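Okay, structure first, notes after.
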């Protein structure tokens, strides 16, 4: 136990010695400070003492919802899961290359501690950076939400495990690359590339899903039109006075709708296949965006979103978008976290296996 | 000698790296308890590979043997071993004292004991005044001193040191040598890997010379240089031709830098070999400047071990590639 404590203590000292750790922490403070300076009133936004008329006001949403959305979208969605995550990767990318460098690794491998334990403990210390950053950020956000938004929301602290989890998906890849290449730059750049790839897969899947829902709405809409036209046509045909001109027009219209339906169904079919394939690939990869999205799900519920959109969706596009949001929010957290953790375990086992067998 | 008296008892240690490079080709080595053992060899002979195998940093291709009575590779045994690698790198953000605490904790030394031990060792290696300064401000010699201290933090039964005096000034070297002899006096075993043959000669009880992944010679320096024992008699002037007649072990050579004198060399360890020659010289009233017993130095022994007898040149450095 004292060995593990010593490695963690050393990791803390290492973080403490890195300027980037403190820079990131200060920037986190600035971001939370910015939250505290912005508020909303009946007219719109209020920045320190200046009123800025805006459609976002207390008539549109409550102050607490405003702060929650700011925390979720800007604090977690933008700052913690993008900028701070990049800074964290830059800070921690050197952990494994430094650890396995000649001369340093000899000093620890020659101690009475197993290689697997050493590897996993060192990996856990890499997550310490993010855990400390998010803990400080969440605590500050909790206070801002309480004092400024008037709501004491302990679920803000859910960001700590979820952001650490999100970062761990990337850090396990960084650890593997660090052990294999022994180069900080290579580990960092390849991890950023991997992140870009999984973000690309996520975006493709989301886009295909949205297109699929739009296509479904289109098929539904064409079906309704076709049904309507077919009814009119049958009424026209069964009328005592046959209006051949109208019958011709509706027959042509029905034929055209049937063509459109066939085309739309074909598109829907293609989109469904493409989405299934992308979803299959995505299932194997870690779900960074959706893991972070769980904070959003916990803090902002579907009713609040419906309330903000104010009215029932009118167009196919709006209906598809609402269906998309519901579908994405309905995805099981167990599926999101479970499949991502399976990936992480696989990468960690591979990295640990290489570390445990390698000659240094 | 019973096996339990060997701190290190290695048999058939082999290591083949990828690309079929045979770094070690069946090492047989025994290190006695309570001795200072020196490992010598040219660059690429496999010394560091052997040390790293003992310290579990490198995995052997084949090994039989024990260290402190436990099979090589047993992690728990490492709690009783101290190690200073050749090109060690300690965390630069730590102070000297923190380094000792950190590696002490990894070596399973409890907190109170390691704190007290750190103070003692800092004094032993002469680093008390620098204990609370970050090691990134240390000179190479200071780093070696702290490195040696961390190798001793767990009060080990076996200390494995790879080039411990590298970068250390003469005063520091003397102090390190003193530490090593103190360790031996306390019954500890010291396994020393160094290029500085004169240093090894001063402290080692036994040595092993590794050449191209195999043990070329092993034993006490006295045993290994026994063959080279001789008596040298320096005389004034040239040697009359009849003086050497009839003594097979005798030969003469000029003394470099002093052409007025000549040296007569008599091979053999027994002082009796020199007596007839002294008698002959005295009978001829030749002035004898000195008579002294001589043996080859460790450097001579080393050079003899690394020289290919067929070509007369030193063997090429590096490990041996597959010869099949």
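The values are calculated or read from the model by the stated rules, or taken from the named source; none is laboratory data. These numbers come from a predicted model, not from an experiment. Methodologically, a virtual Cβ is constructed for each residue, glycine included, from the backbone with ideal geometry; neighbour enumeration extends over all protein chains shown.
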Among A:235, A:224, A:217, A:231, which is the only one that is part of a helix (DSSP H, G or I) and surrounded by 18 or more Cβ atoms within 10 Å (Cβ to Cβ)? A:217
Within segment B:171-195, residues being surrounded by fewer than 18 Cβ atoms within 10 Å (Cβ to Cβ) and assigned to a loop (DSSP other than H, G, I, E, B) number 3
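Select from segment B:30-55 the residues that are under 28 Å from residue A:119 (Cα atoms) and either touching a strand residue (DSSP E or B) at 6+ places or on another chain (Cβ under 7 Å) or surrounded by fewer than 20 Cβ atoms within 10 Å (Cβ to Cβ) (or both) and list them in ascending order.
Result: B:46, B:47, B:48, B:49, B:50, B:51, B:53, B:54, B:55.
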Filter pass, residue B:167 being in contact (Cβ under 8 Å) with a residue 12 or more places away in the chain, farther than 18 Å from residue A:111 by Cα, away from chain A (no Cβ under 14 Å) and surrounded by fewer than 22 Cβ atoms within 10 Å (Cβ to Cβ): no
Number of the exception - residue A:259 against (1) touching a helix residue (DSSP H, G or I) at 6+ places or on another chain (Cβ under 8 Å); (2) under 19 Å from residue A:316 (Cβ atoms): (1)
Cross-chain or 6+ apart pairs with Cβ under 6 Å, segment A:2-17 first and over 11 Å from residue B:105 (Cα atoms) and more than 8 Å from chain B (Cβ to nearest Cβ), then surrounded by 16 or more Cβ atoms within 10 Å (Cβ to Cβ) and modelled with pLDDT of 90 or more: A:8/A:125; A:11/A:125
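A quick yes/no check of all residues on (1) modelled with pLDDT of 95 or more; (2) part of a helix (DSSP H, G or I); (3) surrounded by fewer than 22 Cβ atoms within 10 Å (Cβ to Cβ); (4) away from every other protein chain (no Cβ under 14 Å):
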position: A:73; (1), (2), (3), (4): no, yes, yes, yes
position: A:77; (1), (2), (3), (4): no, yes, yes, yes
position: A:82; (1), (2), (3), (4): no, yes, yes, yes
position: A:88; (1), (2), (3), (4): no, yes, no, yes
position: A:105; (1), (2), (3), (4): yes, yes, yes, no
position: A:111; (1), (2), (3), (4): yes, no, no, no
position: A:120; (1), (2), (3), (4): yes, yes, yes, yes
position: A:128; (1), (2), (3), (4): no, yes, yes, yes
position: A:133; (1), (2), (3), (4): no, yes, no, yes
Looking at segment B:105-150 only, could you name the residues that are surrounded by fewer than 21 Cβ atoms within 10 Å (Cβ to Cβ) and facing chain A (nearest Cβ under 8 Å)? B:108, B:110, B:111
I'd like the full set of residues that are within 14 Å of chain B (Cβ to nearest Cβ) and surrounded by 15 or more Cβ atoms within 10 Å (Cβ to Cβ), limited to segment A:21-42. A:21
Regarding segment B:257-278, can at least one residue be identified that is surrounded by fewer than 13 Cβ atoms within 10 Å (Cβ to Cβ) and in contact (Cβ under 8 Å) with a residue 40 or more places away in the chain? yes
Which ones in segment B:218-227 are modelled with pLDDT of 90 or more and crowded, with 16+ Cβ neighbours inside 10 Å? B:218
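Mind checking which residues of segment B:198-226 are touching a strand residue (DSSP E or B) at 6+ places or on another chain (Cβ under 7 Å), outside any strand (DSSP E or B) and under 26 Å from residue B:185 (Cβ atoms)?
Correct list: B:200, B:203, B:204, B:205, B:221, B:224.
If you check residue B:102 against the conditions, is it outside any loop (DSSP other than H, G, I, E, B) and either surrounded by fewer than 22 Cβ atoms within 10 Å (Cβ to Cβ) or facing another protein chain (nearest Cβ under 7 Å) (or both)?
It is true that residue B:102 is outside any loop (DSSP other than H, G, I, E, B) and either surrounded by fewer than 22 Cβ atoms within 10 Å (Cβ to Cβ) or facing another protein chain (nearest Cβ under 7 Å) (or both).
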Hey, could you check segment B:78-96 for residues that are more than 7 Å from chain A (Cβ to nearest Cβ) and under 14 Å from residue B:137 (Cβ atoms) and say which is surrounded by the fewest Cβ atoms within 10 Å (Cβ to Cβ)? B:92
Checking the condition at negative phi and at the interface with chain A (Cβ under 7 Å from one of its Cβ atoms), which residue from B:64, B:70, B:75 passes? B:75
Give segment A:310-349 a look and list any residue that's at pLDDT below 85 and either within 20 Å of residue A:166 (Cβ to Cβ) or loosely packed, with under 13 Cβ neighbours inside 10 Å (or both), or say none. A:310, A:311, A:312, A:314, A:315
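Tell me, which residue of segment A:90-103 that is assigned to a helix (DSSP H, G or I) and within 14 Å of chain B (Cβ to nearest Cβ) is nearest to the chain's Cα centre (by Cα)?
Of all residues in segment A:90-103, those assigned to a helix (DSSP H, G or I) come to A:90-92, A:95-99.
Narrowing the set further to residues that are within 14 Å of chain B (Cβ to nearest Cβ) leaves A:91, A:95, A:97-99.
Values: A:91: 22, A:95: 26, A:97: 29, A:98: 31, A:99: 31 Å.
Selected residue: A:91.
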